[in-house]
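Single-structure report; data block below.
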Amino acid sequence: MESPPQSRQLTGIALKVASTLAFAAMATLVKLLSDRYPIGEIAFFRAFFALVPVLLWVAVLGTIGTVFRTNYLPQHLLRGAFGTGAMLCGFTALSLLPFADATAIGYAAPLMTVVLAVVFLGERVFIYRWSAVVVGLIGVLVILSDYVGPSAAAAGNGPGALIALAGAMFAALAMTMARALVRTDSAPTIVAYFSCFVAVAALFTLPFGWVMPTAADFALLALIGLFGGIGQVLVTSSFRFGDASTIAPFDYLSMIWAFLVSFFIFGTWPTTTVLAGAAIVVAAGLFVIYREHRLGIARQAKAEAQAPPPPLG
């Protein structure tokens, strides 16, 4: 299969970069509002209002009538449960930790996904990617050393760091389920079921202290969902225009946005330990993407070599 033309690749990259900005804006608003509203309430707004751009996107694609058609509802529900756990833990971590630190710990999710894909999907992983996963998880431990253990520099924030790690695990489980579902269902179907499940699940937190938002805060809570939904549409669309191995590395731009948001909005800057750990995790993640790219090239070359020759004449 030939690579997309350069113009399409650039479109895919632009969409991916825009998605990182949308998710950064969403996370910034989550942290700003987390001291005034319960995490469950914020999660509800995130999921409910995300349906607006998602369903508009589905309507543009012309699949609005079939978006909820699936033969794999239990798998969608399980993916929604994992995604709900990831969102609740991730938002809680944002409320407890410095913005950049919570973001850095969240980067453990793609590394964990490699392990889960082996266990649950039967994917084959060789020594190079295993080495990258181990190195990346060591980077996570470096970040956590600022919060957990006798020499922890950020006393009192240990629970927040562990919640962030739990969120990364839930996110990895959700990613693994999504990788299984893309074999049978479309991306719009997966995204729509996810948003609906989280919105319904978050409603069960209503008895636990929801607060009636002011008009201004209601608009900000709605923006959390809109930014989240727009980010999902952009990141899904980006892979329609470019190779995954070309698009995926730009996800790590979100670490740059996290540093900028931490400094200019929240007045914090990561410690040297967190910066070092984040650099290790990002490097390991990029290496995993590079190995996926190389293996993809090798599989394509093998398939072409085994293909029957075209008929003569």
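The values are calculated or read from the model by the stated rules, or taken from the named source; none is laboratory data. What you see is a predicted model; the values in this text were computed from it and never measured. Virtual Cβ from ideal backbone geometry, glycine too; neighbours counted across all protein chains shown.
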**Message:** Yes or no: segment 105-126 includes at least one residue that is under 27 Å from Asp185 (Cα atoms), in contact with a Ser or Thr (Cβ under 8 Å, 6 or more places away or on another chain) and without any contact (Cβ under 8 Å) to a residue 60 or more places away in the chain.
**Reply:** yes
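Look at Thr205 and say whether it is surrounded by fewer than 18 Cβ atoms within 10 Å (Cβ to Cβ), more than 15 Å from Glu41 (Cβ to Cβ) and touching an Asp or Glu at 6+ places or on another chain (Cβ under 9 Å). Steps first, answer last, please.
Working: surrounded by fewer than 18 Cβ atoms within 10 Å (Cβ to Cβ): yes; more than 15 Å from Glu41 (Cβ to Cβ): no; touching an Asp or Glu at 6+ places or on another chain (Cβ under 9 Å): yes.
No; evaluated as a whole, the condition is false for this residue.
Looking at Leu275, Leu253, Leu260, can you tell me which residue is over 20 Å from the mean Cα position of the chain (by Cα), assigned to a helix (DSSP H, G or I) and surrounded by fewer than 20 Cβ atoms within 10 Å (Cβ to Cβ)?
The conditions single out Leu275.
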**Item:** Every residue from segment 17-35 that is among the charged types (D, E, K, R) and surrounded by fewer than 21 Cβ atoms within 10 Å (Cβ to Cβ)
**Value:** Asp35
**Complete:** By residue number, the members of segment 175-212 that are in contact (Cβ under 8 Å) with a residue 24 or more places away in the chain, closer than 30 Å to Val115 by Cβ and assigned to a loop (DSSP other than H, G, I, E, B) are Thr184, Asp185, Ser186
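Condition first: at pLDDT below 85 and under 13 Å from Val288 (Cβ atoms). Now tell me which residues in segment 120-131 satisfy that.
Restricting attention to segment 120-131, the residues satisfying the condition of being at pLDDT below 85 are 120-130.
Hits for segment 120-131 are Glu123, Val125, Phe126, Ile127, Tyr128, Arg129, Trp130.
If I filter segment 36-73 down to residues being part of a loop (DSSP other than H, G, I, E, B) and of a type in the set (D, E, K, R), which single residue comes out as surrounded by the most Cβ atoms within 10 Å (Cβ to Cβ)? Break it down stepwise before answering.
Here is the first cut: in segment 36-73, the ones part of a loop (DSSP other than H, G, I, E, B) are 36-38, 62-72.
This time we only want the ones that are of a type in the set (D, E, K, R), so: 36, 69.
On the way: Arg36: 14, Arg69: 10.
Looking at the filtered set, the residue picked out is Arg36.
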**Message:** List the residue pairs whose Cβ atoms are under 8 Å apart, where the first residue sits in segment 129-140 and is under 14 Å from Val118 (Cα atoms), the second is of a type in the set (Gly, Ala, Ser), and the two are 6 or more positions apart or on different chains.
**Reply:** Val133/Ala284
**Selection from segment 74-119 of residues that are surrounded by fewer than 23 Cβ atoms within 10 Å (Cβ to Cβ), modelled with pLDDT under 90 and touching a Gly at 6+ places or on another chain (Cβ under 6 Å)** = Pro110
